[in-house]
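What follows is a short report on a single structure.
Derivation of every value follows stated rules applied to the coordinates shown; laboratory data play no part. Quick caveat: nothing in here was measured; it's all calculated off a predicted structure. Counting neighbours? That spans all protein chains shown, and the Cβs are built from the backbone with ideal geometry, glycine included.
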Amino acid sequence: MINCKEATDLISKKEEKKLSAQQNIKLLFHLFLCRVCNFFYKQNNVIISSVSLLNKKSTTSLSKEEKEQMVEVLEKELIP
Amino acid sequence: MQQDLAKRWVEEFGDLLYKYTLPRVSDSGIAKDLVQETFLAAWRNIDNFKGEASEKNWLFTILKNKIIDHYRKASTKLTDIVDANSAYDGFNENGHWTKAAAPKAWGVDYNTVIEQKEFYSILELCKSKLKAVQNAVFSMKYLDGIESEEICKELNITSSNYWVLIHRAKLQLRTCLEKNWFNK
């Protein structure tokens, strides 16, 4: 029987498809019995699927002042 | 002429570059610096731009290299790697969750929670609390979809380092998210 620490390790490995059949069975068995690790499993899934969306959800822009500053820095250099 | 070019570049590409960088470095100051450095590098190398690619692609190539350099700097500090790898104290000696760290029921629909805007601001906040080297590994994997072997090669870290870094990052993010999401 694996413990919760081992189960979370296997959950990570499972995500990378690096679990052996035996490890997979041990994990499924643990998840069958352990409510807390089930929470972890589901919540972990939510996190990793939402992180990739941070790309699209990025809404902050540079302010007018920040852009002006950037232009200034470039203008201070002369094109060779 | 020069002035027009600088102004046009910043107007046309500034936000695009910034929006790409910010989720990857989780720090607005660092993101701004990387965008500025990208413009500067392009500005200085403008003679080498022969228009084979679009200006946008060219700038993005420079930016992506700058981001990788930033990640590499973070992963050369061995002490930071060890720190990020150091014992996550969510488990006791028997491998059971400690009372403080045990995941709780979130009472949400896991399928729809990711559609909530606040969820993302909390996620961004929690991601910014990761150690730089953890954030690097995490961003490369989940934002850029890079395979673990490639990440190890790019950052010059061992695969066991990679594993512990990414695993601990996930544990930390979940804990942080739970704390901040449900203590409203």
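Return the only residue of B:Y110, B:Y120 being at the interface with chain A (Cβ under 10 Å from one of its Cβ atoms), part of a helix (DSSP H, G or I) and either free of Cβ contacts under 8 Å to residues at least 24 places away in the same chain or in contact with a strand residue (DSSP E or B) (Cβ under 9 Å, 6 or more places away or on another chain) (or both). If you could, list the steps in order and put the result at the bottom.
Values: B:Y110 fails: part of a helix (DSSP H, G or I).
Among B:Y110, B:Y120, only B:Y120 is at the interface with chain A (Cβ under 10 Å from one of its Cβ atoms), part of a helix (DSSP H, G or I) and either free of Cβ contacts under 8 Å to residues at least 24 places away in the same chain or in contact with a strand residue (DSSP E or B) (Cβ under 9 Å, 6 or more places away or on another chain) (or both).
For residues that are facing chain A (nearest Cβ under 9 Å) and within 21 Å of A:E6 (Cα to Cα), scanning just region B:93-107, find the one that is surrounded by the fewest Cβ atoms within 10 Å (Cβ to Cβ).
So the first thing to find is which residues in region B:93-107 are facing chain A (nearest Cβ under 9 Å), and the list is B:94-97, B:102-106.
Of the ones still in play, those that are also within 21 Å of A:E6 (Cα to Cα) are B:94-97, B:102-105.
Working: B:N94: 8, B:G95: 14, B:H96: 15, B:W97: 21, B:A102: 16, B:P103: 23, B:K104: 10, B:A105: 12.
In this case the residue turns out to be B:N94.
Would you please name the residue that is surrounded by the fewest Cβ atoms within 10 Å (Cβ to Cβ), looking only at residues in region A:1-25 that are more than 26 Å from B:I151 (Cβ to Cβ) and within 13 Å of chain B (Cβ to nearest Cβ)?
A:M1
Looking at region B:93-107 only, could you name the residues that are in a loop (DSSP other than H, G, I, E, B), closer than 20 Å to A:T8 by Cα and of a type outside the set (S, T, N, Q)? Break it down into steps so the answer makes sense when it comes.
Here is the first cut: in region B:93-107, the ones in a loop (DSSP other than H, G, I, E, B) are B:93-96, B:98-107.
When the remaining residues are screened for being closer than 20 Å to A:T8 by Cα, the result is B:93-96, B:98-106.
The answer is B:E93, B:G95, B:H96, B:K99, B:A100, B:A101, B:A102, B:P103, B:K104, B:A105, B:W106.
Tell me which residues, restricted to region B:137-156, are buried (at least 21 other Cβ atoms within 10 Å of the Cβ) and more than 8 Å from chain A (Cβ to nearest Cβ). Steps first, please.
Of all residues in region B:137-156, those buried (at least 21 other Cβ atoms within 10 Å of the Cβ) come to B:137-142, B:151, B:155.
Passing the criteria: B:V137, B:S139, B:M140, B:K141, B:I151, B:L155.
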